[in-house]
Each structure stands twice: as structure tokens, then as C-alpha cells.
1. Give me, ordered by chain and number, the residues 5 or more places off Lys71 or on other chains with an amide H under 5 Å from its own placed amide H.
2. Separation between the Arg52 and Val18 pseudo-spin-labels, each 7 Å from Cα along Cα→Cβ, expressed in nm?
3. Suppose every K and R has +1 on its Cβ and every D and E has -1 on its Cβ; what is the size of the dipole of the chain about the Cα centre, in Debye to the nearest 20?
4. Would you list the P(r) distribution for the chain, with all Cα-Cα distances sorted into 10 Å bins from 0 and each bin expressed as a whole %?
5. Two-decimal Rg/Rh of region 72-118 from alpha-carbon positions, Kirkwood Rh?
6. Determine ³J(HN,Hα), in whole Hz, for all residues of region 60-72 in sequence, where each value follows from phi through the Karplus function 6.51 cos²θ - 1.76 cosθ + 1.60 and θ = phi - 60°; x replaces Gly and Pro.
7. Starting from the Cα of Lys105, draw a straight line to each of the aspartates and glutamates and keep only those under 18 Å, dropping any in the same chain fewer than 8 residues away.
Amino acid sequence: MKAFKTDLPGVLILRPKVYEDGRGFFLESYNQRVFNQLSGKNVKFVQDNHSRSSKGVLRGLHFQRNSPQEKLVRVIRGSVFDVVVDIRKSSPTFKRWIGLELSQKNKKQIWVPQGFAHGF
């Protein structure tokens with residue numbers, strides 16, 4: 001897996017190694033040791049969610065104030081335009097945002113740390 005920094009500190013775009021052949025493909029979507037090495041953090045995943053949206057659905061920006069969550073987001077079918085906004089008032093990048101396409105084709109993932117709103 002490779003990690004690419006973004007203009008928002010702590011937000012990473014991740015590209016897993018993909019092994020393809022005539023049968024399909026295999027990729028490791030998460031490995032705690034590798035992820036911690038790439039992110040420089042000691043992350044422990046305690047919850048895994050899966051959502052499905054119909055075509056044309058807008059999932060608004062979500063964030064948690066009292067029990068903030070970090071998110072690793074990927075798309076397994078179709079594509080989404082994914083947006084991350086810095087909502088940390090004391091941050092030099094407050095209100096700045098990035099957007100990118102996550103899709104079954106490009107297999108990119110995005111890491112959204114605490115203090116950021118996320119939607120697609």
C-alpha cells in the first residue's frame with residue numbers, strides 16, 4: 001500500500017497493491033501494521049461500516065463532536081465524488097476542503113482523521 005499526502009494535514013489517499021489476473025483481483029484493504037507505519041499513528045479499528053447509495057444520492061457532510069471518529073473510506077461498486085472538509089477552528093486549513101473520485105476501478109481509499117467532515 002502507498003499513502004499520498006493531501007493539502008489537508010492528516011488526510012491521506014491510499015492506494016493498495018492490487019494483484020490482478022484472469023480470475024479477477026485481490027487486494028489487502030487494511031493492515032494495521034502497514035497503516036500505522038504509513039500514517040505515523042497507532043490506529044485501532046473498532047468498527048467497520050458498509051453503506052449503499054442509489055444513483056444520484058448525496059450523503060451530506062458528517063462529523064462527530066462528542067465522540068469523534070476517524071474513517072477509512074473506499075468504494076467497492078460504482079463511484080462517488082468524496083469530499084473532506086477541515087472543521088477544526090484552530091487549524092490553519094480551517095474550512096479548506098479536498099474532493100476526489102473513489103471508485104471500484106481506481107480502488108483508491110481515503111483516510112479521514114478526527115476534526116474533519118466527510119461526505120460523498
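1. Val112
2. According to this spin-label approximation, the distance is 2.2 nm.
3. 100 debye
4. Per 10 Å bin, starting at 0, the Cα pair percentages come out as 12, 43, 36, 8, 1, 0.
5. With Rg and the Kirkwood Rh in hand, the quotient comes to 1.05.
6. Taking θ as phi minus 60°, the curve returns x, 5, 10, 7, 10, 7, 7, 10, x, 10, 9, 9, 10 Hz for region 60-72.
7. Once the sequence-local aspartates and glutamates are set aside, what remains near Lys105 is Glu20, Asp21, Glu28, Asp82.
FYI, it's all coordinate maths here, none of it is from the lab. Model, not experiment: these values are computed from the prediction. So basically every Cβ, Gly included, is an ideal-geometry build from the backbone, and we count neighbours across all protein chains shown.
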